[in-house]
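Quick notes on the structure that follows.
What follows draws every value from the coordinates through simple rules; no lab data is involved. Here the structure is a predicted model, which is why all the values come from computation and not from measurement.
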Amino acid sequence: MSLPTNASGLRPAFMVRVAGLPAESVHGLRCPDSRRWADEVLDESAQLALVAEKAGDRLHDLIGGSDDEPLRRALLKLRRDIFN
C-alpha cells in the first residue's frame, strides 16, 4: 500500500486562510509599499552581484599578472572584501 504524496515546492508568494474568513478580510493587511521596497532591494542586490562578479574577474586578471608582491596582496584583499 502506498501513501499519497503531496507535490511541494517554493513559490514566490503564499497566503494562509485561517478560520474560513473571506479572502477580502485580509486586504487591509497588504503592504504594497513594503513589497515595492523589497522588490527594489532584491533588484539592487542582483545588480551588485553582477558588478561584484565583473570586478572580481578583472581583479583576478590583475592579480595573476602582477609581480609586485605588495600590490598583489592589496589586490587580493580587495577581491576578498568585495565578496565578504
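Stretching ARG80 away from ALA46 to a fully extended chain increases their span by 10.4 nm, per 0.36 nm per residue minus the current alpha-carbon distance.
Karplus-based coupling profile of the range 55-62, in residue order and whole Hz: 5, x, 5, 5, 5, 4, 5, 5, with θ = phi - 60° in 6.51 cos²θ - 1.76 cosθ + 1.60 and x standing for Gly or Pro.
Subtracting the Cα-Cα distance from 0.36 nm times the residue separation, let me have the gained length for ARG30 to LEU59 in nm, one decimal. Provide the component values of the computation, followed by the final result.
Values: separation 29, 0.36 × 29 = 10.44 nm, distance 4.43 nm.
Stretched fully, the ARG30-LEU59 segment lengthens by 6.0 nm.
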